[in-house]
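Before any comments, here is the structure.
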């Protein structure tokens, strides 16, 4: 997977986030302040503009630029957390012009580690970690079983989606939703939902580009 | 959605242009979204920077000026500002004596200010953050993101600002900011939700006879839903929660703050109840504020903030201040 693949992933993620913007905002209205969809959509628009203007010859440079853009443009908790995720993933990919499936898995592991270090969330606290951690685990399992790139990323996306659904019954222990205490139960976490959408975009681009 | 705006996308920039036009004492960088004092940094004085989402006006831009903040960073509506803004503000107010970041305790604010402080440190500016977390409606525990920073932010900005204006060192200014935070508690109640311009509809629905108890400042649902009652009873719920956490005793500073959509006549009705409750506990309200200071767009509701005063804190509260939203002694 080359730089073009990663640019395509971020473009597809932007498209999906924009399409689901109101849904994500609704989720965030239930247990937050109704700005998650708006903020992420703005962030991915900024990523598209940044990638248009700068040369990003390697997968790592694509993700680092995207992450820095989110940190600079989004604000809220999503900017630093998603920004750190992409920056950490990008750094893990180094300066190589191509990323293997194993490299990609390692970069998503680095993304998860970056998010958990910055936000201090663990699984089960009703955050984006509840979609990202299962995705990383499913991806590693698929690779160890010899799956193709498309199949492995499909498994990762499914795990992320399942993880996001699983947040419905959790009580939020982090972020704005935690102020609601038990009232946060029964609602899907917006960060987990958007993470699942981003992993879905990765699966979709892989099916087109790297079967 | 019926708002006095041109378009949802331009609310923040249009408002900043309005602030710039209305207040020559401020320097408003609309492109970078940073508000500073027009005179530039004060050499040898600790610089005070705060910031947060737009939609809480006059917080924070309205508190930039002599005796209070040196800079404010407005983010998108209800969204914390970004590190670049905070770094630009930090550099703009650096008078060579270090900079205090006054950070309301929300994950976004904390993370973005943290990233900014690291960048500022790389540039050789000493930054000390003080986190404000006065809201008693949230349990401070492993099971939450901690207590929210609400009304006490104004007390911190005024009192720390006064001490900085007297030339105190960064450690002292941070110390008094922290002391004010520890001596203050708040509780808020909403009668309605509010509408974020980009969302186009209210964040949550409240029936005609329902209220939200234990709200924050971002239009999010509160801790409990309750029944509309006379403000005497609602004020008692708020003050019971405050008193249980920090006994109301001695001389206190009290703010009855409107959430933006509640008329002043109602805030005074509420203040009367608050005054009777607090004096009924044997405390004396020696200083007060009644009005819109930390709002949530057009939300109807109010919050109460109480600070246990000392002679020093009272003296600093009384010190001259000259900002768009608070002005006395000059």
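The figures follow:
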item: Shielding by other protein chains, A:175-186, mean Cβ within 10 Å; result: 6
item: Extended-chain gain in nm, criterion 0.36 nm per residue less alpha-carbon gap, residue B:25 and residue B:201; result: 59.8 nm
item: Chain A: Cα Rg divided by the 2.2 N^0.38 Å rule of thumb; result: 0.94
item: Computed label-point distance, nm, for sites residue B:315 and residue B:17 using a 7 Å Cα→Cβ extension; result: 4.7 nm
item: Sum of -39500 (n - 2.57) over DSSP H runs of 4+, divided by residues of chain B (222 nm, nearest 500); result: -10000 deg cm²/dmol
item: Average Cα contact separation per residue, chain A, under 8 Å, 6 or more apart, as relative contact order %; result: 22 percent
item: Separation of alpha-carbon centers, region A:90-111 and region A:1-73, rounded to whole Å; result: 18 Å
item: Residue order, fewest to most surrounding Cβ atoms within 10 angstrom, among A:9, B:317; result: B:317, A:9
item: Shielding by partners - mean other protein chain Cβ count within 10 Å, residues of B:70-76; result: 2
item: In range of the label at residue A:117: residues from region A:175-200 whose backbone nitrogen is under 16 Å from the point 7 Å along Cα→Cβ; result: none
item: Point-to-point label distance, residue A:19-residue A:45, nm (Cα→Cβ direction, 7 Å offset); result: 1.9 nm
item: Sites residue B:328 and residue B:5, calculated FRET efficiency, Cβ-Cβ separation with R0 25 Å, nearest 0.05; result: 0.20
item: Fraction of beta bridges assigned by DSSP in the protein assembly as shown that are antiparallel (%, nearest 5); result: 55 percent
item: Förster-model FRET efficiency, 51 Å R0, residue A:162 and residue B:208, C-beta, rounded to 0.05; result: 0.80
item: Neighbour-count ranking [beta-carbon atoms within 10 angstrom, fewest first] of B:252, B:77; result: B:252, B:77
item: Neighbour-count order for A:194, B:43, fewest beta carbons within 10 angstrom listed first; result: B:43, A:194
item: Three principal axis lengths of chain B [C-alpha, angstrom, descending]; result: 53, 48, 42
item: Over region B:181-319: Rg over Rh, Cα atoms, Kirkwood Rh; result: 0.99
item: Degrees separating the helix A:78-92 axis from the principal Cα axis of chain A, which is the longest one; result: 30 degrees
item: Zone of residue A:91's modelled label, taken as backbone nitrogen in region B:55-89 under 19 Å from a point 7 Å along Cα→Cβ; result: B:83-84
item: Residue B:178 paired with residue A:141, simple spin-label distance in nm, labels 7 Å along Cα-to-beta-carbon; result: 4.6 nm
item: Cα Rg over Rh - region A:53-106, Kirkwood; result: 1.02
item: Sum of -39500 (n - 2.57) over DSSP H runs of 4+, divided by residues of chain A (222 nm, nearest 500); result: -23500 deg cm²/dmol
item: Alpha-carbon centroids, region B:83-98 and region B:264-284: separation in whole Å; result: 40 Å
item: Residue-span extension gain [residue B:288 to residue B:245] - 0.36 nm each, minus C-alpha spacing; result: 13.4 nm
item: Chain B, relative contact order [Cα under 8 Å, separation at least 6], %; result: 18 percent
item: Sites residue A:52 and residue A:102, calculated FRET efficiency, Cβ-Cβ separation with R0 25 Å, nearest 0.05; result: 0.25
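Read-outs throughout are calculated quantities, based only on the coordinates presented, and are distinct from any laboratory measurement. Everything numeric in this text was worked out from a predicted model, so none of it was measured. A quick note on method: Cβ atoms are made from the backbone with ideal geometry, for glycine too, and the neighbour counts reach across all protein chains shown.
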